[in-house]
Amino acid sequence: MAWILAILQTLLFIGGAPLLAGWIKMLKCWLQNRNAPSLLQPYRDLRKLWRKESILPESASWIFTAAPYLVFTVAVLTAAVVPLVAVDLPSARIIDVFGLVGFFALARTFLVLAGMDIGTAFGGMGSSREMTISSLAEPAMLMVVFTLAMSAGTTNLSMGMDYVLDSGLVLRPSFVFALGSLMLVAVAETGRVPVDNPATHLELTMIHEAMILEYSGRYLALMEWASQIKLMLYGVLIANIFFPWYIGRDFSPAALGQGLLAIMLKLALLSVLLALSETLLAKMRIFRVQEYLSFAYLLGVLGMLSHIILEVYYA
Amino acid sequence: MLDELSYYHQAILHLAALITLSSFLMLGQSRLLRLIGVFAAQGFLLSASTALVAQTHDFPHLYISALLSLLLKGLLIPMMLYRLVMRMNLHREMDTVEHPAGVMMGGATLVVFSYYVCLPIVKLSPLMTLNTISVSLAVVLLGMLLMITRRHAVAQVVGFMSIENGLFFAAVVSTMGMPMVVELGIAFDVLVAAVIFGIFFFHIRSSIDSLDVDRLSKLSEVEE
């Protein structure tokens, strides 16, 4: 029963990711006085791409064709272990947060390899930029993980959420910093506006788009879908770690329904935040990303320090 | 643990953490106007935490010092600095930090150091908010670091003022505030210092035509 629920939740995760992308696009359009496409537009795009013929570059090796499947599979796997609607699903026990970071790294490795595989200038440039950014973002992400692990006494996601839920409303300074840090990292890792612009193919500024430039048809659909899942993953991580309230704690229909409603509301609100920041901020120069991410790292370090200094007592 | 404390105590700890963050923000801020803005925010945080301590421990005289720090450090001194910067046409000037990441990590090291130094004191007393004493020491040290890493006189003055903020915070959270006379004296000292610094800015600028204090070490007769 619990495993069936876990599989259903994963399907919900994968199926909901394009909806979230559509919602963010809609919010951005409203904020920028444009006519918004329908909420279902990402689904239509995926279907259209899926049906189209995919053309492979002449120089492509097996890595190029394998990468979309790998990236997508890893995204699905990651989605399977992150609690979305209910906390204590058996799939969440498979892996802890470090494994999650490892999953992200695995997907990124293949994305980068695929970008370099075809040997175009853009692919290589995008790959090198992606690696630069991720090598700076990962320490910050790990700092957040350390902070959570030290507070909750576990590196398992669902046990950590249980801890936060059980302790009720406690104002933890370390969590505020960790939240800030994770938000900055999420923006950088999912390639949203101050770091990368997902909406343009402006040649010299793109990062994610540069790597997947040569993809078409089914492969492109998988890549797009995987990046939508990744965006939702970060959203769910932020929402459920720091504000896990109303997530389903048992498997009764009422609890699950409540959890579903809660996560939808939380993600909708987070998207408002993201759309606002994307509208207000301009994309920064690539060499300033390092400053941005070192600030994220600093926040992570401060979170851990404030946990040790302010939250632990020697009675 | 944290959840045994009342929400007031938790909020005080929060403010302590935010004050540290504001010190770090000042450390990394290269625009003078924003630096002053962050300094004002630190003043507000300081005043809020003072008011909270007053509320939690029922020390009515702390309300007065909260009001004083709100007016002086949150509004008056930042406004004076702001007007100075605008009048001297420095608002576009950048006081770039060299090796910002290094400076930040140095700051984090200072926080660890001040925690290490304060640990014996914290263990001595049952007072719950005493942990914040290491935060206030960190704010003092971060203010010093700000003064060391900057060349611009305005930035150095902001660093100096934030050292005073750290001392004030230490006094409030560890000993529930100094006697009123001392507090008033310090408050007005800081105000006078701000005025005197303002005059000094003009002097420095009229003699070396810049507020980059590194140039003060050169003799003016030497051709540049």
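Largest first and in whole Å, the equivalent-ellipsoid semi-axes of the stretch B:2-217 read 31, 20, 14, each the square root of five times a Cα gyration tensor eigenvalue. Centre-to-centre separation between the Cα atoms of the stretch A:193-265 and those of the stretch B:39-93: 41 Å.
In the stretch A:2-311, taking the dipole from charged Cβ atoms about the Cα centre, the farthest positive-side position among A:62, A:133, A:204 is held by A:204. Assign one of three labels to the protein assembly as shown, namely rounded, prolate or oblate, based on the Cα gyration tensor with a ≥ b ≥ c the square roots of its eigenvalues; rounded applies when a/c is under 1.5, prolate when it is not and a/b is larger than b/c, and oblate otherwise. Oblate shape, in that a/c is at least 1.5 and b/c is the bigger or equal ratio. Which lysines, if any, have their Cα less than 24 Å from the Cα of residue A:48, not counting same-chain residues under 8 positions apart? Filter leaves A:25, A:28, A:230. A Förster distance of 25 Å, applied to the separation of the beta-carbon atoms of residue A:286 and residue A:101, puts the FRET efficiency at 0.60.
Which one, B:98, B:164, B:183, has the greatest fluctuation when you compute a Gaussian network model over chain B with C-alpha springs under 10 angstrom? Answer for the Gaussian network model of chain B: B:98.
Taking N as the number of residues in chain A, what is its Cα Rg relative to 2.2 N^0.38 Å? It would help to have the intermediate numbers written out before the result.
On the way: Rg = 19.4 Å, N = 315, 2.2 N^0.38 = 19.6 Å.
For chain A, the normalised Cα radius of gyration comes out at 0.99.
When the Cα positions of B:112, B:75, B:14 are compared along the charge dipole of chain B, B:75 comes out farthest toward the positive end, with charges on each C-beta of Lys, Arg, Asp and Glu. Shape call for the stretch A:151-309 from the C-alpha gyration tensor, a ≥ b ≥ c root eigenvalues: rounded (a/c under 1.5), prolate (a/b greater than b/c) or oblate? The shape class here is oblate. Against the main long axis of the alpha-carbon atoms of chain A, helix A:41-51 sits at an angle near 50°. When all alpha carbon pairs of the stretch A:222-305 are counted in 5 Å bins from zero, the resulting P(r) reads 3, 12, 13, 18, 21, 16, 9, 5, 3, 1, 0 %. Put a dot 7 Å past the Cα of residue B:144, heading toward its Cβ, do the same for residue A:38, and the two dots end up 6.7 nm apart.
Could you give the size of the charge dipole of the protein assembly as shown about its Cα centre, using +1 on the Cβ of each K and R and -1 on the Cβ of each D and E, expressed in debye and rounded to the nearest 20?
Numbers: 32 positive and 35 negative charges, 228 e Å.
Once rounded to the nearest 20, the dipole reads 1100 debye.
Placing unit charges on the Cβ atoms only, positive for Lys and Arg and negative for Asp and Glu, gives chain A a dipole magnitude near 700 debye about its Cα centre. FRET efficiency for the pair residue A:62 and residue A:131, taken as 1/(1 + (r/R0)^6) with r the Cβ-Cβ distance and R0 = 30 Å, rounds to 0.90. Placing +1 on the Cβ of each Lys and Arg and -1 on the Cβ of each Asp and Glu in the stretch B:2-217, which of B:132, B:182, B:211 has its Cα farthest towards the positive end of the resulting dipole? It is B:211.
What's the magnitude of the charge dipole for the stretch B:2-217 around its Cα centre, counting Lys and Arg as +1 and Asp and Glu as -1 at the beta-carbon? Answer in Debye, nearest 20.
On the way: 11 positive and 12 negative charges, 102 e Å.
Dipole size: approximately 480 debye.
Students often get this wrong: which residues of the stretch B:58-80 have the backbone nitrogen under 19 Å from the point 7 angstrom along Cα-to-C-beta of residue B:199? Of the residues in the stretch B:58-80, B:77, B:80 have backbone N under 19 Å from the label point off residue B:199.
Between A:238, A:229, A:286, the GNM of chain A built on Cα springs shorter than 10 angstrom shows A:286 fluctuating the most. Extent along the principal axes, Cα only, for the stretch A:1-112: 42, 42, 24 Å, with the longest axis given first.
Bear in mind these aren't lab numbers, they're just calculated from the coordinates by the rules spelled out. Since this is a predicted model, take the numbers as computed values, not measurements. Methodologically, a virtual Cβ is constructed for each residue, glycine included, from the backbone with ideal geometry; neighbour enumeration extends over all protein chains shown.
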